[in-house]
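Report on the structure given below.
What follows draws every value from the coordinates through simple rules; no lab data is involved. Predicted, not measured: the structure shown is a model, and the values here were computed from it. Because the Cβ atoms are built from the backbone with ideal geometry, glycine has one as well, and the counts that use them run over all protein chains shown.
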Amino acid sequence: MHLWLPRGWCLGVLCVSILAFGCNKENAPGLGRVAGTVTMDGSPVADAAIAFEPQGGTAGTSLGLTDASGKYELYYSRNLKGAATGEHVVRINTYRETGDDKPQIIKETIPTKYNSKSELKVTVTRGSNKRDFALESKGEVIQPYAEEKAGKTKGKLKKGCM
């Protein structure tokens with residue numbers, strides 16, 4: 001069976017879609033804008049990476065970086081702000097390697113209950129979402145790849161994102 005639609009009708013649907021969703025990528029369907037502040041023991045956490053990992057596996061992880069006052073905004077992709085709507089596990093860490101010729105390591109200062117073994121969960125909705133995280137320094141802090149770099153794991157750990 002062949003379904004025939006008039007060309008004018010198709011053009012009308014296209015116009016209505018553009019008007020409904022707009023050309024602005026910041027208002028993409030299925031995303032909510034997310035921003036907030038990260039503090040630890042009441043003080044802002046600067047230069048921390050924050051990741052919202054959606055549960056269900058249908059969308060990608062959104063990332064952000066805190067500024068000197070602990071404020072962050074998430075990006076779903078380079079030009080698209082926000083995070084997929086729904087439930088997320090949140091991971092916050094400060095560990096990173098910098099430099100190309102002589103890598104320098106910035107140590108992890110945030111307990112594992114907020115990153116590799118995160119207990120943080122949030123729900124993102126359409127529109128603006130303010131998500132602040134008041135962390136406590138109590139708890140185990142693990143330096144990623146510390147044993148591997150010391151030669152104690154014989155290559156059992158793989159490098160990658162936390």
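Over all other residues within a Cβ to Cβ distance under 10 Å of Val122, the charged ones net out to +1, with Lys and Arg as +1 and Asp and Glu as -1. Each of Arg126, Arg78 has some number of other Cβ atoms within 10 Å of its Cβ, and from fewest to most they run Arg78, Arg126.
In sequence order, region 82-96 has phi-based couplings of x, 9, 4, 5, x, 7, 9, 9, 9, 10, 10, 8, 10, 5, 5 Hz under the Karplus curve 6.51 cos²θ - 1.76 cosθ + 1.60, θ = phi - 60°, and Gly or Pro positions carry x. Amide hydrogen proximity for Asn129: with H placed 1.01 Å from N in the peptide plane, the residues at 5 or more positions away or on another chain lying under 5 Å are Arg33, Val34, Ala35.
Mean projected area of the Cα convex hull of region 18-133, taken over all directions, amounts to 8.5 nm². Computed from phi, the 3J(HN,Hα) profile of region 39-46 under the Karplus parametrisation 6.51, -1.76, 1.60 (θ = phi - 60°) reads 10, 10, 6, x, 9, x, 9, 8 Hz, with x in place of Gly and Pro. Pairs of Lys residues in region 18-133, spaced 8 or more positions apart or belonging to different chains, with C-alpha separations under 16 angstrom: 6 in total. When only alpha carbons are used to place a centre, region 39-91 and region 102-116 end up 16 Å from one another.
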